[in-house]
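Only the coordinates and a few stated rules stand behind these numbers; no lab work does. Since the structure is predicted, the reported quantities are computational estimates derived from the model, not experimental observations. Every residue, glycine among them, receives a Cβ derived from its backbone with ideal geometry; neighbour counts consider all protein chains shown.
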There are 6 protein chains.
Amino acid sequence: MPVTYLLTHMTWPEVEEALKTVKIAIIPLGAHEQHGPHMAESCDSVLAEEMGKRLTEALHPLALMTPVINMGVSPHHLHFPGTISLEPATLIAILRDMVSSLRNYGIRNFLVLNSHGGNQSTLGVAAGILSTELDVRFMYAKTTASAKDVMDRLIDSRLYGHSCEREVSEALYLAPWLVRQDKLASGDISEGDWRKLRPGNPIQGFYYYEEMTRNGCIGNAPAGSPEIGEEIVETAVSRLAAAARELIEP
Amino acid sequence: MPVTYLLTHMTWPEVEEALKTVKIAIIPLGAHEQHGPHMAESCDSVLAEEMGKRLTEALHPLALMTPVINMGVSPHHLHFPGTISLEPATLIAILRDMVSSLRNYGIRNFLVLNSHGGNQSTLGVAAGILSTELDVRFMYAKTTASAKDVMDRLIDSRLYGHSCEREVSEALYLAPWLVRQDKLASGDISEGDWRKLRPGNPIQGFYYYEEMTRNGCIGNAPAGSPEIGEEIVETAVSRLAAAARELIEP
Amino acid sequence: MPVTYLLTHMTWPEVEEALKTVKIAIIPLGAHEQHGPHMAESCDSVLAEEMGKRLTEALHPLALMTPVINMGVSPHHLHFPGTISLEPATLIAILRDMVSSLRNYGIRNFLVLNSHGGNQSTLGVAAGILSTELDVRFMYAKTTASAKDVMDRLIDSRLYGHSCEREVSEALYLAPWLVRQDKLASGDISEGDWRKLRPGNPIQGFYYYEEMTRNGCIGNAPAGSPEIGEEIVETAVSRLAAAARELIEP
Amino acid sequence: MPVTYLLTHMTWPEVEEALKTVKIAIIPLGAHEQHGPHMAESCDSVLAEEMGKRLTEALHPLALMTPVINMGVSPHHLHFPGTISLEPATLIAILRDMVSSLRNYGIRNFLVLNSHGGNQSTLGVAAGILSTELDVRFMYAKTTASAKDVMDRLIDSRLYGHSCEREVSEALYLAPWLVRQDKLASGDISEGDWRKLRPGNPIQGFYYYEEMTRNGCIGNAPAGSPEIGEEIVETAVSRLAAAARELIEP
Amino acid sequence: MPVTYLLTHMTWPEVEEALKTVKIAIIPLGAHEQHGPHMAESCDSVLAEEMGKRLTEALHPLALMTPVINMGVSPHHLHFPGTISLEPATLIAILRDMVSSLRNYGIRNFLVLNSHGGNQSTLGVAAGILSTELDVRFMYAKTTASAKDVMDRLIDSRLYGHSCEREVSEALYLAPWLVRQDKLASGDISEGDWRKLRPGNPIQGFYYYEEMTRNGCIGNAPAGSPEIGEEIVETAVSRLAAAARELIEP
Amino acid sequence: MPVTYLLTHMTWPEVEEALKTVKIAIIPLGAHEQHGPHMAESCDSVLAEEMGKRLTEALHPLALMTPVINMGVSPHHLHFPGTISLEPATLIAILRDMVSSLRNYGIRNFLVLNSHGGNQSTLGVAAGILSTELDVRFMYAKTTASAKDVMDRLIDSRLYGHSCEREVSEALYLAPWLVRQDKLASGDISEGDWRKLRPGNPIQGFYYYEEMTRNGCIGNAPAGSPEIGEEIVETAVSRLAAAARELIEP
């Protein structure tokens, strides 16, 4: 990888030098939660970090990447072994401490690059709180949501979004070790009230993931491929980079 | 209005009687914020309460409506005189206290009927917290979002959603006193970074409303009418009622 | 009603205009709690709001009334169906958010007009916190306590104060729909430790309302009348207006 | 002093023995705040502790006294050197920790014996919170308020209550070292809005003590005497003991 | 005792005068917890206060002593009757309120003189928080830890530190009434995992005190004497005074 | 590396299988803070994670390692570019969420393996809170502190402990990419009050790191070597493993 400002890899004099050009901090945010029988539980955090590296590189020398937040808000997965869930207030506290610390060094734009849907509401709340409380511009994005058109073209499942062919594809491209290729399975779906509470219905609400799927994944993971992953990821990275550039360049 | 279980209007023996059939509490949630030159600042709260009455009636005798929460999360409007904004933590505390109190009387399903977009993230967070902490089913819905197809048919503005023809129409149908008919104005839009942060873009983030509109409204309010309002409202109420019924009936 | 600055009914340009003369914000505060077999549970909130309108009118154009806080601190009523109780910390958070928001527009005097005894301690605490933290003058008043002499003259019960002839009278004058005239009942009093903990005893403390009264009210509600209500209310409004005027006029 | 259960003076086996009869814990609560030129700043805490000893003795072997809480809620005195003020939330946290700890040993009745008016609202709030949260009976009393008739008879000042002849008298009887007899002074009163916010007026609110008195005291301290103190204190102790006994005895 | 600035004993004009020379506030901090069969439960608080007086005197007129914090963090003792434990957050809140109050009068150096090991972690946390949040120098010291060499010379027990010969000796010198001379007992030690979690082992962790000792004390209390106490205390006071002087003198 | 239970690398069925033997969760905890001119800012987190892997392997199949907590409590480093500091309350919230989540799967022993001195007080506080609140055994250890005798033998600096020859040696052995070999520098020490507040002095307290060292490190980094690192690390791992085994084996 060419030069990229990864805070974890830098010394303080290197950070001091980088700050002469840096205008935005990229904060990768994932989750630690079950991903069915075929993906490791760190999936979201690893994908967020990998995407973060690519985005930071694409924005070089305007961007600097912080340590990944490697756990997220996952109460709906807590009945599958190994899942760790942060309270929303804990995640906001972490974000406040990070933004508050980095603001000391003159950074005023923050972009949380989030790979986990369960974090989105908390990020919406954090955006209002931290922007007004700390007088910064706090922004957030789903890692690959901006490549929705690519997904529509390449993915056939009607219900997907967790350890599905999209996520497996992204992992096969970005971090193949996350995938157990010999265990790839489609979602083992149960019927229940969750269908009536999904986005797109008149009413939303909380449900546990095991009400929806017995094996913890949805969609059709075996249909994933590194090629699909590449197209989704590269499209999203270039769109995110273009969008970020427009927001931070004079 | 025929018989409806409005908690504000009932005595405790009447509540005790109603609880024999009630399966769900409807919590209307609005905001107190500027709505441009042509709508009163209580707009969202009044609309939520009026919608709540209709939904409660449609679900009778399964539903009971609580007092309206008449302020919401509106930091983006705080630079227009009169706006009052609750911290997200305050709104969650109110919801916790309401759910925790009503659970004493055997109610286990809660539906927040929310008219204000700025509350949605907080409701998403609250759903996870309160469902797991209090062992209830906490659900939420935007008042008229389920009538999106009707809006697509009847509304021409590309940018709308606050004190626009949709909201004016809903108010003309539900509570015409909210509207200053002689002051109806289109949004006086400013260009700025807000366009790059709207839903649908790769990146989301906080911006103040005056960055987007000088008069505090968007869309084309003069195009509103009670007829449009009626179609949106009645469509949404019947869809919400059907959806709620499916969730609470055995 | 003549012109009165009710924030719920105003547009932001109207608020901007009003702020040229407004010196004080009136915050009506009630409760949502059982009021025996003959009063609706919103009683306190409705009375606070109605009193607030009259006081705001009497102070016009110096005062502006905010949205009512329509729930309060009522843990002692939680065993009667329908009661909703806010934690004291929740009520203080609401007040902080309201004061903090309205201070943006130049208001420095705040008067909480409170109709519910259970809120008084919390208001005493809030006064110290918010006055020093936000650098405003935070004041509070019981809606009709200043007409104590009128009550002493017109009310015979020795134990009264909740859904009694005083409260019924106030409601018959201000909002008669709150009263079930065919259900009016005296308090069905139980003996117990509560007597030893009432104000006036050496020791105070918490007790549940059902320890004191089986039907949820005390006093002699059937003795209430709109005439008694009028005398109490009008006396209190004029005394409150005079007191407020002395505090905010130069 | 005859045998009294003072927790500070006991070993754990002695506590274990005492718990066979103890039914109530007395928690003395004072303040650390300026008391004008003639009283030491620990005045309230010392008086609360001394009264607590007498009350505990009078209730022996039913009562046990905890360590004194030697600071209180005193924001109104913070402009006089030496005053320390606890946030109300801090005081409630201390009380919660004390009650929660002592409940482990089987105590279910708690009486806070409070000598400082500024703590009363916080105690009212604490009573509701801790009684319901910890399932105990949380009670509170002003140290000598139950001897109001004695004060009416022996005290001439119309405005008194802080470092006045009442408080000096109580100190001369209970802990004379608190009083600088050569510095005794009447309150050096300033006129201001505080008069309109005192109890008994239609409106209450926060004011700083220096707005009311230049030397930090009110009333007529030189009129105090140990005889007056004795009568007030002994009357109050016997009334408190009688009231407590009625509440804890079967 | 010669002149010493004890805040509890001073009037506000005396504090105002003292502040002309005072550079540091000494905050004595103890605990209220079981001390076996031979020491009163206030032991730590009394020793901290007595040490505080001596240190304040030694630093006169540079130091002023605040009221003692007479309860501390003692969850490990909660299974012995009478122990009261503060949550760490409560203790930090108390310290914040004290420092924040006294900073009003120009004091910028704070030294918590702590006699209880269970408070040390909380003080370490408080030092970082309060120093940065309130812009003061927040320091802390164990009362007699600086006399470690004296203890090594005079004490034979390998396991000591709570109601042992060291603590009994300090009490016999500073406040002999704390000691039940006829009950002096060595620790009645149980074997268990606590040995593996003591300081000096690779791993630390929480254990309850009754896992370690049946009678609540460790070491060999009967070996204590006022002479040992005097040497430990006087050595520590003079070292603490010297260290403090170096830190606050120009 | 042979088989090791790293939660980040496992699927939920693999976790379910592992839980048949796992008795303890290892939580690696580091920091993100400046480490002078010659070490990357993620140093502590990387070392904690690497040590964690070795310890988990040594305890296999009794132990499972969680995701690393890759930021810590570092307010003293906040004036060097790039440092991120968590509030102690944030770190405790993260730990509570982790322990609370993993307790769902039957784990009752938790060992935080901490590489950063600035976290130790917070861990001491967390141990008391989480052990009693969640009914688990919460333990913690400094990564290499148990090899103190090895350090005494191999390290000459009198002042060391941050980006010194010890830490560089550990990194050269565990993760050499952390070290800029061409930038290795001794601490550039300033004189100041920090010397009087270091452990071992009578008084402790907070100071900023730049008061002590101009380049952000102490000790003599150039004296480090992978051989020293190996001896320290391997000694510590085997001692930690032995200690943990004794605590969790029947």
Chain A: angle of helix A:226-248 to the longest principal axis, Cα-based, in degrees nearest 10: 40 degrees
Return, for the Cα atoms of the range E:116-236, the radius of gyration and Dmax in Å, separated by a comma. 16.3, 49
Apply the a/c threshold of 1.5 to the C-alpha gyration tensor of the protein assembly as shown and tell me whether it is rounded, prolate or oblate. oblate
What average number of partner chain Cβ atoms lie no more than 10 Å from the Cβ of the residues making up E:168-180? 1
Residue-by-residue Karplus 3J(HN,Hα) for the range D:49-56, coefficients 6.51, -1.76, 1.60, Hz, glycine and proline x: 5, 5, 4, x, 4, 5, 5, 5
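Ratio of the range B:1-65's C-alpha Rg to 2.2 N^0.38 Å, to two decimals?
On the way: Rg = 14.0 Å, N = 65, 2.2 N^0.38 = 10.7 Å.
Output field value: 1.30.
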The Cα extents of the range D:167-215 along the principal axes, largest first and rounded to whole Å, are 38, 19, 13
Work out the mean other chain Cβ neighbour count within 10 Å for the residues of E:67-73 and drop it here as an integer. 5
Toward the positive end of the charge dipole of the range C:114-250, about the Cα centre and with charges on Cβ (Lys, Arg +1; Asp, Glu -1), which of C:124, C:192, C:212 goes farthest? C:192
Using a simple charge model, +1 on the beta-carbon of Lys and Arg, -1 on the beta-carbon of Asp and Glu, nothing else, what dipole does the range C:26-120 show about its Cα centre, in debye to the nearest 20? 380 debye
GNM on chain C, Cα springs under 10 Å; top mean-square fluctuation among C:151, C:39, C:51 goes to C:151
For residue D:176, inter-copy label-point distances (7 Å, Cα→Cβ), nm, shortest first, read 2.8, 7.0, 8.4, 8.4, 9.4
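Among the DSSP beta bridges whose two residues both lie in the range A:1-84, what percent are antiparallel, rounded to the nearest 5?
On the way: 2 of 8 bridges.
Bridges in the range A:1-84 are about 25 percent antiparallel.
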Sort B:208, C:105 by Cβ crowding within 10 Å, fewest neighbours at the top. B:208, C:105
Search the structure for amide H atoms under 5 Å from the amide H of residue D:6, placed 1.01 Å from N in the peptide plane, and list their residues when 5 or more places away or on another chain. D:65
For the pairs B:53/B:148; A:183/B:23; B:23/B:142, note any where the Cα-Cα span goes beyond 31 Å. A:183/B:23
Mind sorting D:234, B:191 by how few other Cβ atoms lie within 10 Å of their own Cβ, fewest first? B:191, D:234
Roughly speaking, what is the centre-to-centre gap between the range D:22-96 and the range D:158-199 when only Cα atoms are used, to the nearest Å? 18 Å
Using unit Cβ charges (K, R positive; D, E negative) and no other charged atoms, how large, in debye to the nearest 20, is the dipole of chain B about its Cα centre? 480 debye
Net charge dipole size for the protein assembly as shown [Lys, Arg +1 and Asp, Glu -1 on Cβ; Debye, nearest 20]: 0 debye
Mean-square fluctuation maximum in Gaussian network of chain B, Cα pairs under 10 Å, restricted to B:214, B:158, B:103, hits B:158
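Under 8 Å for C-alpha pairs, at least 6 residues apart: give me the relative contact order for chain C, rounded to a whole percent. Can you show the working numbers first?
Details: 482 pairs, mean separation 57.5, N = 250.
Contact order relative to length: 23 percent.
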Which angle between 0 and 90 degrees, to the nearest 10, do you get for helix A:88-103 versus the longest principal axis of chain A when only C-alpha atoms count? 20 degrees
What ³J(HN,Hα) values, in whole Hz, does the Karplus curve 6.51 cos²θ - 1.76 cosθ + 1.60 give for the range F:105-110 when θ = phi - 60°, with x put for Gly and Pro? 9, x, 7, 10, 10, 10
By average Cβ neighbour count within 10 Å, what is the ranking of E:164-173, B:57-66 from highest down? E:164-173, B:57-66
Ascending list, in nanometres, of distances separating the residue E:161 label from those of the other copies (7 Å, Cα toward Cβ): 1.7, 5.0, 5.3, 5.3, 5.9
Between rounded, prolate and oblate, where does the range D:5-248 land on the alpha carbon gyration tensor, with a ≥ b ≥ c its root eigenvalues, rounded for a/c under 1.5, else prolate if a/b exceeds b/c? prolate
If you put a point 7 Å past Cα along the Cβ direction, how far is that point for residue D:214 from the same point in each other copy, in nm, smallest first? 5.6, 5.6, 6.4, 7.0, 8.7
For F:245, A:54, what ranking results if the residue with the fewest other Cβ atoms within 10 Å of its Cβ goes first? F:245, A:54
If packing is taken as the average count of other Cβ atoms within 10 Å, what order do F:122-130, F:17-25 fall into, highest mean first? F:122-130, F:17-25
Residue D:103 to residue F:135: FRET efficiency via 1/(1 + (r/R0)^6), r the Cβ-Cβ distance, R0 22 Å, to the nearest 0.05? 0.80
Take residue F:158 and residue F:211, extend 7 Å from each Cα along the Cα→Cβ direction, and tell me the distance between the two endpoints in nm. 2.0 nm
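Give the shape of the range D:55-113 as rounded, prolate or oblate, defined through the alpha-carbon gyration tensor: a ≥ b ≥ c are the square roots of its eigenvalues, a/c under 1.5 means rounded, and otherwise the shape is prolate if a/b is larger than b/c and oblate if not.
Details: a/c = 3.83, a/b = 1.88, b/c = 2.04.
Taking the square roots of the gyration eigenvalues as a ≥ b ≥ c, the range D:55-113 is oblate.
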antiparallel share of DSSP beta bridges within the protein assembly as shown, to nearest 5, in %, is 25 percent
Just the number, please: percent antiparallel of the DSSP beta bridges in chain F, rounded to the nearest 5. 15 percent
Amide H contacts of residue F:85 (H built 1.01 Å from N, under 5 Å, at least 5 apart or other chain): A:101
Read phi for every residue in the range B:197-203 and hand back ³J(HN,Hα) as whole Hz from Karplus 6.51 cos²θ - 1.76 cosθ + 1.60, θ = phi - 60°, with x for Gly and Pro. 10, 5, x, x, 8, x, 10
Other chains' Cβ within 10 Å of D:134-140 residues: what's the mean? 3
Excluding same-chain residues fewer than 8 positions from residue D:196, which aspartates and glutamates have a Cα within less than 16 Å of its Cα? C:246, C:249, D:210, D:211
